[in-house]
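*Asks:* Before I ask anything, let me first share the structure, which is written out below as C-alpha cells.
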Amino acid sequence: MGRQKYTDEQVINILREGEAGGKIGELCRKYGVSGATYHRWKAKYAGLTLSELKRLKTLEDENRRLKQIVADQALDNRVLKELLSKNF
C-alpha cells in the first residue's frame, strides 16, 4: 500500500473529526493512517486554524531563509579573515 500525503487542511479536518467525538481507531482506518501518525498530527496541529497554520508555515520558511543568509555571511567572513591573515 502506497504512502498518502495529506494536505494541512485535510489533517486539520481529520483532527476536528476526532475532537468532535469520533473514535481514533475508526478515523485511522477511515483515512488509512496509523495511530502514531494521528497523535503526531495532534501534537503538531492541535488547536490551529487553517489561517494560523498558513502563517506558521510562512514564518518557518522565512526563518529558514534567514538562517541560510546568516550561515552564508558567516562563511564569507571566515574566508575573508583567512585571506587577510595570509597576506600579512
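The values are calculated or read from the model by the stated rules, or taken from the named source; none is laboratory data. This structure is a prediction, so every number in the text was calculated from the model and none was measured. When we count neighbours, we look across all protein chains shown, and the Cβ atoms used for this are built from the backbone with ideal geometry, even at glycine. For the accessible areas, the whole protein counts, side chains as well, though only heavy atoms, and no ligand, DNA or RNA atoms are used. Shrake-Rupley method; radii C 1.70, N 1.55, O 1.52, S 1.80 Å.
*Asks:* Please verify whether the range 57-65 includes one or more residues that are part of a helix (DSSP H, G or I), touching a residue at least 40 places away in the same chain (Cβ under 8 Å), within 12 Å of the chain's Cα centre (by Cα) and loosely packed, with under 12 Cβ neighbours inside 10 Å. Break it down into steps so the answer makes sense when it comes.
*Replies:* In the first step, residues of the range 57-65 are kept if they are part of a helix (DSSP H, G or I); the result is 57-65.
With touching a residue at least 40 places away in the same chain (Cβ under 8 Å) added as a condition, the list becomes 57.
Filter once more, keeping what is within 12 Å of the chain's Cα centre (by Cα): 57.
Remaining after also requiring loosely packed, with under 12 Cβ neighbours inside 10 Å: 57.
Yes, some residue in the range 57-65 is part of a helix (DSSP H, G or I), touching a residue at least 40 places away in the same chain (Cβ under 8 Å), within 12 Å of the chain's Cα centre (by Cα) and loosely packed, with under 12 Cβ neighbours inside 10 Å.
*Asks:* Tell me which residues, restricted to the range 1-47, are open to solvent by 70 Å² or more (accessible area, probe 1.4 Å) and either among the hydroxyl-bearing types (Ser, Thr, Tyr) or more than 24 Å from Lys57 (Cβ to Cβ) (or both).
*Replies:* Answer for the range 1-47, where residues must be open to solvent by 70 Å² or more (accessible area, probe 1.4 Å) and either among the hydroxyl-bearing types (Ser, Thr, Tyr) or more than 24 Å from Lys57 (Cβ to Cβ) (or both): Met1, Thr7, Ala20, Lys23, Glu26, Arg29, Lys30.
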